[in-house]
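A short reminder: the numbers here are calculations on the coordinates, not readings from a lab. Computed from a predicted model, the values in this text were never measured in an experiment. Cβ placement follows ideal geometry from the backbone for every residue including glycine, while neighbour counts extend to all protein chains displayed.
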């Protein structure tokens, strides 16, 4: 009895230590975003800001476009924030809708032949830079460069393999007899999808959406190649803190980082119920 | 009303012929059981009747309509599946009401009908629960309720009892039979369990290798099998088969096998040609059910090699000198022990002969 107690204690201690290691950078980003510039770099480190401030957030969240004064860039992220939200949401929704339809059709009717999902996976087997350049060439011709449509399209294409592979697992979990029973009872194919299949794969859809949303939300390379001034996402904005000067602008940088993390965390909490269900039941292949 | 007629129904999967040229007429209101080992084509046939599989060729008629290419939902069927296929995300109430909601019945009508049907199969107290919380028997009755709620003219059942334990299975057997008597609908029931087939069917259709081996009332199938497969499929323990040589006439068969010669005035084999009325001997298999093997004071000698008491009767395994033991069914209280010597005879009227090669029943030779 006592031994088991000690074991539990040891295990919790180990987990806590590891959690500290992984969460420390996030904590550091969070407190830095609330610090005045004088506290950004100090020794010994300040684990908590003496005078918490919202100045960094105000700086980056005031309306207007980014300016360049006295060799120093002031980054405004309202537009990038909006662009990222719009592009990531639209592309993830579209990818989940198309991909789950495709996965269903493959599982139930073998559409595309037995190797189809593997072929689709090959899109993800090449480094994104390989597809970035051809996309630029096509997009120039198609006038899709630096447009929402263009970025959404390329994100849909790169998300589809993930969606399909995740949804395959969830759809295969739905016994075909349930669909057959519904059809014999008078349901049309669409009714079967709506009343039987969809409710049973909801958790899968939600988990898959979150997964590709995070990917698209944080995607940098393709956005960098395919957008310029009309469309500009958060990762691109963060990426601008790389020159000698802006690189040391830690406060606003941490504020943007925190803002960029927030939607994913909020989404995760909102769909927590599905996450647990989805990861524990859907991903187990027979 | 709604009888079913299958006309040269065939289903080919890739290079496998699951069902070949099956023709069958099921009169309205009959309880028909398709029985056979797994892979015999019985479930595929049922799925084609349901419309869940498209026949490769042939036709299906329900009532007077040719429904071969109709959608399942247009065929006015009820179907109970092996897994029962209760919707896990719906309550029992929603499960039973599902077919009614699809038919766009008003909510009050759905509720009334669901409650009435639930009461008849005694699941009224479970309406608020999810299928996952039900016991095997309860889930079974919910599946039945969901099927009868729309009063279909034809019921299809695909091994609905196979997931239940033995005792419950026997109870549900009676319950389904009673349901059939009440509803007077046509029932097509698929099973691999010969006991289920025997007890429930008005008519049994024995399938094997994608084709119908024999169809008929249970006792005909049991007592008068068309071939060795049917003879061996029904009955527990199964029929005794002895390979040997058959001659003589149907009324006075003469059968020789290692350790066993049967028939009076059996002429020596070479002498058969002397009697012009006696056809030459041919290879054949003798079939005799254990209940028609009698232990007696006279007859063929044998040694008891094994005893299996069943409670109401005892199975006696007899070594008579042939390649396999012969099984006899006897009284439970038989005063025998393993190693005892005894004698046995056959009920002559129950002897069956099958062609050794084709397995077909020999009625004259």
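To make sure I understand, if each residue's beta carbon is the centre and we count other beta carbons within 10 Å, what order do B:12, B:254, A:58 fall in, fewest to most? If you can, show how the numbers build up before the last one.
Numbers: B:12 14, B:254 20, A:58 11.
Ordered from fewest to most neighbouring Cβ atoms within 10 Å, B:12, B:254, A:58 come out as A:58, B:12, B:254.
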Fraction of the pair-distance distribution of the protein assembly as shown above 50 Å, Cα-Cα pairs, percent: 42 percent
So what's the gap between the Cα centers of the range A:85-148 and the range A:184-240, to the nearest angstrom? 11 Å
May I ask you to compute the full-extension gain from residue B:360 to residue B:319, defined as 0.36 nm times their residue separation minus their alpha-carbon distance, rounded to one decimal in nm? 12.1 nm
0 to 90° range, to nearest 10: angle between helix A:128-142 axis and chain A longest Cα axis: 90 degrees
At R0 = 25 Å the Cβ-Cβ FRET efficiency linking residue A:264 and residue A:130, nearest 0.05, sits at 0.40
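Please work out the FRET efficiency for the pair residue A:147 and residue A:176, using the Cβ-Cβ distance as r and a Förster radius of 45 Å; give the result to the nearest 0.05. Don't skip to the end; give the middle numbers.
Working: r = 42 Å, r/R0 = 0.94.
Efficiency for this residue pair is about 0.60.
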Take chain B, drop everything but the C-alpha atoms, weight them equally and run the Debye formula without solvent; then report log10 I(q)/I(0) at 0.09 Å⁻¹ to two decimals. -0.64
Across B:70-78, the residue-averaged tally of Cβ atoms belonging to other chains within 10 Å stands at 4
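Quickly estimate the mean residue ellipticity at 222 nm for the protein assembly as shown, helices only: each DSSP H run with n ≥ 4 gives -39500 (n - 2.57), and the total goes over all residues, rounded to 500.
It lands at -13500 deg cm²/dmol.
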Cβ neighbours within 10 Å from other chains - mean over B:139-147: 1
Treating the angle as unsigned and between 0 and 90°, give the value, to the nearest 10°, between the Cα long axis of helix A:250-270 and the longest Cα principal axis of chain A. 30 degrees
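As a test of understanding, state the convex hull volume per residue of the range A:71-127 from its alpha carbons, in Å³. Provide the component values of the computation, followed by the final result.
Details: hull volume 4.8 nm³, N = 57.
Output value, Cα hull per residue: 85 Å³.
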Could you work out how far the C-alpha centroid of the range A:15-66 sits from that of the range B:345-364, in angstrom? 93 Å
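Tell me, what is the percent relative contact order of chain B, built from C-alpha pairs under 8 Å that lie six or more residues apart? Working shown, then result.
Details: 747 pairs, mean separation 55.1, N = 365.
That works out to 15 percent.
Hey, fewest Cβ within 10 Å first, where do A:249, B:28, B:331 land in order?
Numbers: A:249 21, B:28 14, B:331 10.
By the 10 Å Cβ count, ascending, the order reads B:331, B:28, A:249.
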So for chain A, averaging the separation of alpha carbon pairs under 8 Å that are six or more residues apart and normalising by length, what relative contact order in percent results? 27 percent
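Under Stokes-Einstein, with the Kirkwood radius over Cα pairs standing in for Rh, what whole-number D in µm²/s applies to the range B:135-196 at 20 °C and 1.002 mPa s? Don't jump to the answer; show the numbers that get you there.
Working: Rh = 12.0 Å.
Result for D is 178 µm²/s.
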Expressed in angstrom and rounded, the centroid-to-centroid distance over alpha carbons for the range B:15-67 and the range B:87-156 is 27 Å
Note down the relative contact order for the range B:293-341 as a percent, whole number, built from C-alpha pairs under 8 angstrom at least six residues apart. 40 percent
Mind checking the mean number of beta-carbon atoms from other chains within 10 Å of the Cβ atoms in B:293-304? 0
So what's the angle, to the nearest 10 degrees on a 0 to 90 scale, between helix B:136-148 and the longest Cα principal axis of chain B? 70 degrees
Least to most buried among B:180, B:89 (fewest other Cβ within 10 Å first): B:89, B:180
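Would you mind putting B:157-164, B:138-145, A:188-195 in packing order, based on average other-beta-carbon counts within 10 Å, highest first?
Put in order of decreasing packing, that is B:138-145, B:157-164, A:188-195.
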Rg and Dmax of chain A, using alpha carbons, in Å: what are they? 23.3, 74
Projected-area mean, the range B:240-362, by convex hull of Cα positions, square nanometres: 8.0 nm²
